[in-house]
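Participant: Shown below is the structure under consideration.
FYI, it's all coordinate maths here, none of it is from the lab. Please read these numbers as outputs of a predicted model, since none were measured by experiment. All Cβ positions, even for glycine, are placed from backbone atoms using ideal geometry, and neighbour counts span all protein chains on display.
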Amino acid sequence: MRFIKRLLAGIVIGTINIFLGAGGGMITVPIYKHFGMEQKQAQIHAVATILPITIVSSIIYLINGNVNLSDSYIYLIPGLIGSIAGTFLIKKVSNKKLTIIFAIFMVWAGVRLLIK
């Protein structure tokens with residue numbers, strides 16, 4: 001039964017990722033925590049889970065002509081720098097602090113979506 005729940009969770013993650021962009025990670029973290037991971041491990045695994053899903057989605061969007069890559073380049077290099085920095089910084093942040101940061105970001109993102 002646990003295996004089936006995880007398969008269904010994967011389908012939900014992939015589907016939500018399409019609707020939210022890579023925001024599927026926002027639901028992946030709570031799903032991993034539900035299955036017993038600590039915050040830090042859940043966030044690390046969420047990135048590893050979302051990456052291949054996002055790559056496949058991106059390829060499909062590119063093939064269908066839905067993406068203008070020139071609009072994305074300005075974010076690519078700074079985003080890569082931030083991801084490298086984040087992989088080193090996450091080791092220094094406790095699970096409790098990371099949970100608080102994640103929760104604050106989720107609330108902030110939700111409020112911004114409601115306001116706009």
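Participant: If you wrap the chain's Cα atoms in a convex hull and average its projection over all directions, what's the area in nm²? If you can, show how the numbers build up before the last one.
Facilitator: Working: hull surface 34.5 nm².
Reported value for the Cα convex hull: 8.6 nm².
Participant: Reachable lysines from Lys92, Cα under 23 Å, same-chain residues fewer than 8 places away excluded?
Facilitator: Cross-link targets: Lys33, Lys40.
Participant: Please identify, among Tyr61, Tyr75, Tyr32, the residue showing maximal mean-square fluctuation in a Gaussian network model of the chain using a 10 angstrom Cα cutoff.
Facilitator: The residue with the greatest mean-square fluctuation here is Tyr75.
Participant: Placing +1 at every Lys and Arg Cβ and -1 at every Asp and Glu Cβ, with all other atoms neutral, what dipole size does the chain have around its Cα centre, in debye to the nearest 20?
Facilitator: Details: 11 positive and 2 negative charges, 108 e Å.
Around 520 debye, computed over the chain.
Participant: Along the Cα→Cβ direction, 7 angstrom out, place labels at Asn66 and Ile11. What is the inter-label distance in nm?
Facilitator: 2.0
Participant: Could you tell me the relative contact order of the chain? Use alpha-carbon pairs under 8 Å, at least six residues apart, and round to a whole percent. Write down the numbers at each step before the final one.
Facilitator: Details: 50 pairs, mean separation 26.2, N = 116.
Computed value for the chain: 23 percent relative contact order.
Participant: Run the simple label-point estimate for Lys116 and Phe35 please: 7 Å along Cα→C-beta, distance reported in nm.
Facilitator: Reported label-point gap for Lys116 and Phe35 is 3.1 nm.
Participant: What ranking, highest mean first, results for peptides 76-84, 7-15 when packing means the other Cβ atoms within 10 Å averaged over each residue? If you can, show how the numbers build up before the last one.
Facilitator: Numbers: 76-84: 10.1, 7-15: 13.8.
Taking the mean over residues of other Cβ atoms within 10 Å, the ranking is 7-15, 76-84.
Participant: Okay, next question. Applying 1/(1 + (r/R0)^6) with R0 = 25 Å to the Cβ-Cβ distance of Thr87 and Ile59, what FRET efficiency is obtained, to the nearest 0.05? Kindly include the intermediate steps, with their values, before the conclusion.
Facilitator: Details: r = 24 Å, r/R0 = 0.98.
Rounded to the nearest 0.05, the efficiency is 0.55.
Participant: Before rounding to the nearest 500, sum -39500 (n - 2.57) across all DSSP H runs of length at least 4 in the chain and divide by the residue total; then give [θ] at 222 nm in deg cm²/dmol.
Facilitator: Working: 5 runs with 96 residues, N = 116.
-28500 deg cm²/dmol, from helical runs alone.
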